[in-house]
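Nothing in this text is a laboratory measurement; each read-out follows from the coordinates by a stated rule. Bear in mind the structure is a predicted one, so any value in this text is a computation, not a measurement. Please note: Cβ atoms are built from the backbone with ideal geometry, for glycine as well, and neighbour counts cover all protein chains shown.
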Amino acid sequence: MSKLNITVCMGSSCFARGNQENLAFIEEYIQKNGLNAEIDLEGMRCENNCAKGPNIYINGVEYNEVDIDKLKGILDRECEWINKTQSTP
Ligand code: FES
């Protein structure tokens, strides 16, 4: 199974408008759920899509106006297959 790639826009607009908190939440989510080996987390520069920010990309899919509530739903959904894989004997 391939890894989940999460890319967080670290441009000043996205960062100031929520991605600083979103990044901390993702790091905590990875730690809490023991997903270090399954998730690649990286930052990216501004893609000139600031008006829709904060922006986060997961396996190439773009998510806009991401806040903690939205992020939790996305991570729970995206990580479902990992949890299933881990619980399989
Ligand atoms: S700062 Fe994120 S798209 Fe510009």
Setting aside same-chain residues fewer than 8 positions from LYS72, which aspartates and glutamates have a Cα under 13 Å from its Cα? GLU21, GLU27, GLU28, GLU80
By DSSP, what percent of the beta bridges with both residues in the chain are antiparallel, rounded to the nearest 5? 50
Quick test of your reading: applying the under-4.7 Å Cβ rule, which cysteines of the chain are isolated? CYS46, CYS50, CYS79
Strictly greater than 19 Å: what percent of every Cα pair in the chain meets that? 35
Over the chain, what is the mean sequence separation of C-alpha contacts under 8 Å (at least six apart), divided by residue count, expressed as relative contact order in percent? 37
